[in-house]
Protein chains: 2
Amino acid sequence: MNSELIAAARRFNRTVTQRVGALDDEYMARGRPLAQARLLWEIGPGGAEVAALRARLGLDSGYLSRLLRTLESDGLVTVGPADQVGGDARVRAAVLTDAGRTEWAELDRRSDELAWSILEPLTEQRRERLVAAMAEVERLLIASMVVIEPCLPGDPRARACVRAYARDLARRFDDGFDPALSNPVHDEELVPPAGVFLLATLNAEPVGCGAVKLHRDEPAEIKRVWVADSVRGLGIGRRMLDELERYAAERGWDAIRLETNGNLTEAIAMYRSAGYREIEPYNTEHYAHHWFEKHLAP
Amino acid sequence: MNSELIAAARRFNRTVTQRVGALDDEYMARGRPLAQARLLWEIGPGGAEVAALRARLGLDSGYLSRLLRTLESDGLVTVGPADQVGGDARVRAAVLTDAGRTEWAELDRRSDELAWSILEPLTEQRRERLVAAMAEVERLLIASMVVIEPCLPGDPRARACVRAYARDLARRFDDGFDPALSNPVHDEELVPPAGVFLLATLNAEPVGCGAVKLHRDEPAEIKRVWVADSVRGLGIGRRMLDELERYAAERGWDAIRLETNGNLTEAIAMYRSAGYREIEPYNTEHYAHHWFEKHLAP
DNA sequence: TCATATGCCTGACTAAAGTCAGGTATATGA
DNA sequence: TCATATACCTGACTTTAGTCAGGCATATGA
């Protein structure tokens, strides 16, 4: 716990976050209560389901409902059934009216204006440095906001990750990826005590996964490590690996292994840098070219 | 108006500012209403005058008074006369009690905790990159928040800047700085239409100044360009120079000049890079070694 | 088909935040 | 010394934000 780093991060929180945040709110509000303005913004020109708004804004269901009624009576939005094909008839969605769209465009304009008012006083050179530093802060903060937690493999978010994982493999392997040709992994193998499925989420959205099987009298085995494109290059894969290893080590396993395809070069590089060394094949996985093992400190 | 830069700044405002800001508030509040917690924090271990608190937090006078009563009745602060020597007996200051100091320390601790919770998930290397980028954003945002405006030379903030300017000169000149030996500048020469005094402020605190005298039938003359240490290296001096030149140019002057001491090397470099070229002495300023002039585009 | 869960809703409430119009004591400039 | 300004205060008020309990219609699993 380095106190100089902490002091710098605190200064940032205070000066940047509080001040720019307050400005942002001021620009956003324009007469209307902030909560309404934020909601209007979040609905956006494309509309949004009520549940999604609740999740994104973190609002109480009753409160959100009331806010929607207010916007509705101001003629800015209409709330109706979210007629997705074969959808749940309870689900409703908010859509902007023409007046709402005008209002939204105004918010958009003001948001641009605020951003420009920050950049404008600077020289061209400093503007570019500021924007570059902002992008760096943003990326690294996103990295730090990713949470890795155990999750049941049957969870819809877990399923979504595994599907994305399979799509990625199909795209990257020379001969595509047919799950039927690959060694199967059953859900119950990824539920404690047999193993675990870890889910990485960013603001409750799934952005990565990984699993470990705790084989009896054999090294533990890592499966399904996947990270969404949107958060690649932020060290999430490495953190996932660390968590999986820790899980196995804490339960008494002293070695862990995995197999991988030769086309996944970054993954292979990550395994090597994480201390994995290549071993002889320990199974007959159709799509595997490399087998790795690492000893775990107790 | 570069729309890519704007888009990046907007993304930053949204993701970083809103999220970290919300976290910050949450950590700060700890049971107590946010406004009270913020006030307690702002009073700090050293205490603070009521007027200063009002300015820093941007609160209504009545509202602040009530907040102070609440903290007082909770036994966290005492509000009494701000007994500065020979001071205004109306001015009052808030001071933390022992209980208030304890509470403040707890806020301090939580603030550290929040900062660490942001850095902790990252690798050492990424932590350092994040902190460096945060510092860069902070500095450049500070630069962009500095406002340069005309101000009467008799304004206390202007006086404070001129005093700081004289102190700086005394420190940097080989033989100190005695205003009596220097060509005098009278207030009325720095009031329109004879000239102007510009004040640079950061959150209403004076951080720099500069003045121009509009001599009849002669080039305009720049005086008293000064920038506080706390905001040096952010291009404030250059902006000040630009504003002074603009002021003279807009009123019809086509040349502007200034004299400076040989020890002020960064200032001299700035003048040169801003297009000033050295000329023969146009006056007999005791402390001057160099005289510069620049032609102004109409 | 029935118990239970879920998505969204309304009504009733509270707390926090903020505004405004004076009021008192002190300071200041003519 | 007197009118006016200033620093802080109190009282009365409104708006915004947020919570909680329950209700209705639809979905879901046994």
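Worth pointing out:
- In the set A:GLU138, A:GLU149, only one residue is free of Cβ contacts under 8 Å to residues at least 24 places away in the same chain and either in a helix (DSSP H, G or I) or touching a strand residue (DSSP E or B) at 6+ places or on another chain (Cβ under 8 Å) (or both); that residue is A:GLU138.
- Residue that is nearest to B:LEU244 (Cα to Cα), among those in the range B:152-165 that are open to solvent by 30 Å² or more (accessible area, probe 1.4 Å) and without any contact (Cβ under 8 Å) to a residue 60 or more places away in the chain: B:LEU152
- Scanning the range A:1-48 for residues being of a type in the set (Asp, Glu) and crowded, with 16+ Cβ neighbours inside 10 Å gives a total of 1.
- Per-region count, the range B:140-168, residues touching an Asp or Glu at 6+ places or on another chain (Cβ under 7 Å) and within 14 Å of chain A (Cβ to nearest Cβ): 1
- Cross-chain or 6+ apart pairs with Cβ under 8 Å, the range B:103-120 first and among the hydroxyl-bearing types (Ser, Thr, Tyr), then open to solvent by 50 Å² or more (accessible area, probe 1.4 Å): B:SER111/B:TYR27
- Every condition in (1) within 13 Å of DNA strand C (Cβ to nearest atom); (2) within 22 Å of the chain's Cα centre (by Cα); (3) modelled with pLDDT of 95 or more holds for B:GLY58 except the one numbered (3).
- Lone unmet requirement of (1) outside any helix (DSSP H, G or I); (2) within 14 Å of chain A (Cβ to nearest Cβ); (3) within 27 Å of the chain's Cα centre (by Cα) for B:GLN84: (2)
- Comparison of A:ARG90, A:ARG56 shows that the only residue that is within 14 Å of DNA strand D (Cβ to nearest atom) and either within 14 Å of chain B (Cβ to nearest Cβ) or acidic (Asp, Glu) (or both) is A:ARG56.
- Among the residues making up the range A:184-217, those that are out of contact with any strand residue (DSSP E or B) (no Cβ under 7 Å at 6 or more places or on another chain) and assigned to a strand (DSSP E or B) are A:LEU202, A:GLU205.
- Checked against the criterion of being within 14 Å of chain A (Cβ to nearest Cβ) and in a loop (DSSP other than H, G, I, E, B), the range B:169-183 contains not a single residue that satisfies it.
- Boolean, B:ASP112 is away from DNA strand C (no atom under 16 Å from the Cβ), within 24 Å of B:GLU26 (Cα to Cα), at pLDDT 90 or above and within 27 Å of the chain's Cα centre (by Cα): yes
- Restricting attention to the range A:49-66, the residues being closer than 23 Å to A:ARG109 by Cα and open to solvent by less than 60 Å² (accessible area, probe 1.4 Å) number 2.
The values are calculated or read from the model by the stated rules, or taken from the named source; none is laboratory data. These figures come from a predicted structure and were not determined experimentally. FYI the Cβ positions are ideal-geometry reconstructions off the backbone, even for glycines, and counts take in every protein chain you see. Remember, those area values only see protein heavy atoms, side chains included, never the ligands or the DNA or RNA. Shrake-Rupley method; radii C 1.70, N 1.55, O 1.52, S 1.80 Å.
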